[in-house]
Amino acid sequence: MSTLKPIVVWGHDMGPNPLKVHIVLEELDIPFDYKIISFSDMKKEPFLSINPNGRVPAIEDPNTGVTIWESGPILEYIIDQYDKENKLSYDTLAEKYQIKQWIAFQISGQGPYYGQAVWFSRVHHEKLPSAIERYTKEMERVRSVLELHLSRSPSGWLVGDKMTVADLAWVMWEQIGTLILLFQDIHLEGKYPHYDAWYKKLLERPTVRKVLLSRTKSLRESGLAPDAPDPF
Ligand SMILES: N[C@@H](CCC(=O)N[C@@H](CS)C(=O)NCC(=O)O)C(=O)O
């Protein structure tokens with residue numbers, strides 16, 4: 001991997017979506033240059049020429065000339081291009097598509113709903129209990145889906161018999177979901193035991209620990225969540 005030129009990752013120090021990309025690149029030991037861009041600069045040129053949607057992550061890979069935005073396809077690109085030994089993936093038909101399935105559920109069923117839970121419980125100018133309730137319930141529903149699947153998985157991972165990119169794609173937003181529940185005094189520990197065991201294993205990964213510790217520091221220092229508890 002050392003002959004590779006660093007992949008440029010446009011990201012943020014607090015937003016969970018670019019941090020998933022950070023974790024996966026670290027797991028695969030791929031060189032990268034993590035560039036933090038402010039929310040306001042994402043909405044202007046030159047960044048809009050990289051991602052017209054004005055959001056992060058986006059990557060520019062000098063090794064191939066490819067630019068991509070949206071975290072799910074970025075993870076799939078990194079795996080296809082750089083995980084030739086299948087450290088975080090499989091090349092068998094079923095597992096390959098099951099990984100895509102869990103990434104698709106993560107970016108459509110976890111990220112947006114958990115994001116709205118954060119928005120309505122922490123950011124929105126008006127307190128709207130029905131909106132908070134709707135997204136909190138959805139967070140719990142997603143957790144129950146994970147529990148059902150993991151209770152039937154002999155390895156305790158989402159796909160096959162090892163941790164893959166599919167598991168890593170979930171951890172950032174799960175950590176945020178747990179915080180949002182805690183802020184509302186909702187404690188689900190023990191209710192979803194297979195989920196708890198899976199989440200604990202993910203939190204033990206050195207790459208995940210590193211990214212979460214640095215994110216918690218940024219959250220506290222930025223004033224966005226001065227009350228953010230330790231992630232472990
Ligand atoms: N579906 C996108 C979501 C990207 C996204 O919303 N990223 C956040 C950071 S975690 C962002 O750029 N927010 C800026 C904004 O909302 O203006 C993905 O998975 O990459």
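Here the residues GLU189, GLU147, ranked from fewest to most Cβ neighbours within 10 Å of their Cβ, fall in the order GLU189, GLU147. Kindly identify the chain as rounded, prolate or oblate by the Cα gyration tensor criterion: order the square roots of the eigenvalues as a ≥ b ≥ c, call it rounded if a/c is under 1.5, otherwise compare a/b with b/c, prolate if a/b is larger, else oblate. Since a/c reaches 1.5 but b/c is at least a/b, the shape of the chain is classed as oblate. Past the 27 Å Cα-Cα mark, which pairs from LYS35/LYS162; LYS137/LYS201; LYS20/LYS96; LYS87/LYS217? Where the Cα-Cα span goes over 27 Å, the pairs concerned are LYS35/LYS162; LYS87/LYS217.
When a/c reaches 1.5 or more, the comparison of a/b and b/c decides; with that in mind, is segment 7-82 rounded, prolate or oblate per its Cα gyration tensor? Cα axes put segment 7-82 in the prolate bin.
Multiplying the residue separation of SER218 and GLU189 by 0.36 nm and subtracting their alpha-carbon distance yields 7.8 nm. For LYS35 and ASP230, FRET efficiency with R0 = 41 Å and r from the beta-carbon atoms, rounded to 0.05? After rounding, the FRET efficiency stands at 0.90. Kindly state, to the nearest 0.05, the FRET efficiency for THR92 paired with LEU203, given R0 = 22 Å and r defined as their beta-carbon distance. Efficiency for this residue pair is about 0.20.
Computed over segment 93-222, the percent of Cα pairs more than 17 Å apart is 60.
Every number in this text was worked out from the coordinates using simple rules, so none of it is lab data. Owing to the predicted nature of the structure, the values given are computational and were not obtained by experimental measurement. Don't worry about glycine lacking a Cβ; one is built from the backbone with ideal geometry, like all the others, and counts go over all protein chains shown.
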